[in-house]
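Undergrad: Structure incoming, see below.
The values are calculated or read from the model by the stated rules, or taken from the named source; none is laboratory data. Nothing here was measured: the structure is a model prediction, and the numbers come from that model. All Cβ positions, even for glycine, are placed from backbone atoms using ideal geometry, and neighbour counts span all protein chains on display. These accessible areas exclude ligands, DNA and RNA; they are computed on the full protein's heavy atoms, side chains included. Shrake-Rupley method; radii C 1.70, N 1.55, O 1.52, S 1.80 Å.
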Amino acid sequence: MTASINTKEMQALTNWLKQARQDQNCSMRALAERMDKPHSFVQKVEQGERRLDVVEYVWYCRKLGVDPQDGLILIEQVLIGPKD
C-alpha cells in the first residue's frame with residue numbers, strides 16, 4: 001500500500017468520475033454547486049490533487065448520480081490487471 005495520491009487506481013477512479021460528469025454535460029462548477037463545495041474542490045479531485053475519503057466519495061457519487069459500487073469495481077479491476 002502507498003499513501004501516494006498518484007496511483008493507477010486513483011487515476012482510474014478520478015478519470016471515471018470526470019467522465020461521468022462530462023457524460024452528463026455537467027460543468028465542474030455545476031457539480032460543485034450541487035455538492036455545496038467550491039469549484040476548486042471538484043477541480044482538485046479531477047486533477048488528482050485531492051483524495052476523497054470513503055464518505056466524501058459516496059457523497060460525490062450521489063451528487064453525480066452514479067453508483068459508488070461501480071467505482072469500487074473499477075478499482076478492483078485495475079488492481080487485478082488485465083486477464084490473459
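Undergrad: In the set (1) 1.06; (2) 0.97; (3) 1.21, which value of Rg/Rh (Cα atoms, Kirkwood Rh) was calculated from the structure you see?
TA: Working out Rg/Rh (Cα atoms, Kirkwood Rh) from the coordinates points to (2).
Undergrad: Another question, then. Compute the helix-to-body angle for 8-23: its Cα long axis versus the longest principal axis of the chain, expressed 0 to 90° and rounded to tens.
TA: 40 degrees
Undergrad: Relative contact order (percent) for the chain, with alpha-carbon contacts under 8 angstrom and 6 or more residues of separation? Present the calculation step by step, with values, prior to reporting the outcome.
TA: Details: 60 pairs, mean separation 30.7, N = 84.
Across the chain, relative contact order equals 37 percent.
Undergrad: For His39 and Asp70, calculate 0.36 nm times their separation in residues minus their Cα-Cα distance, and state this gained length in nm to one decimal. Don't jump to the answer; show the numbers that get you there.
TA: On the way: separation 31, 0.36 × 31 = 11.16 nm, distance 2.44 nm.
Taking 0.36 nm per residue and subtracting the Cα distance, the gain is 8.7 nm.
Undergrad: Run the numbers for Ser27 and Asn6: contour at 0.36 nm per residue of separation, minus the present Cα-Cα distance, in nm. Present the calculation step by step, with values, prior to reporting the outcome.
TA: Numbers: separation 21, 0.36 × 21 = 7.56 nm, distance 2.36 nm.
That pair, Ser27 and Asn6, stretches by 5.2 nm at full extension.
Undergrad: So if I place +1 on the C-beta of Lys and Arg and -1 on the C-beta of Asp and Glu, and nothing else carries charge, what would the dipole magnitude of the chain be about its Cα centre? I want it in debye, nearest 20.
TA: Numbers: 12 positive and 12 negative charges, 56 e Å.
Charge dipole of the chain: 260 debye, to the nearest 20.
Undergrad: A further question on this structure: Return one whole number: the accessible area per residue of the chain in Å², for a 1.4 Å probe. Please list the in-between numbers first.
TA: On the way: 5740 Å² over 84 residues.
For the chain, the per-residue accessible area is 68 Å².
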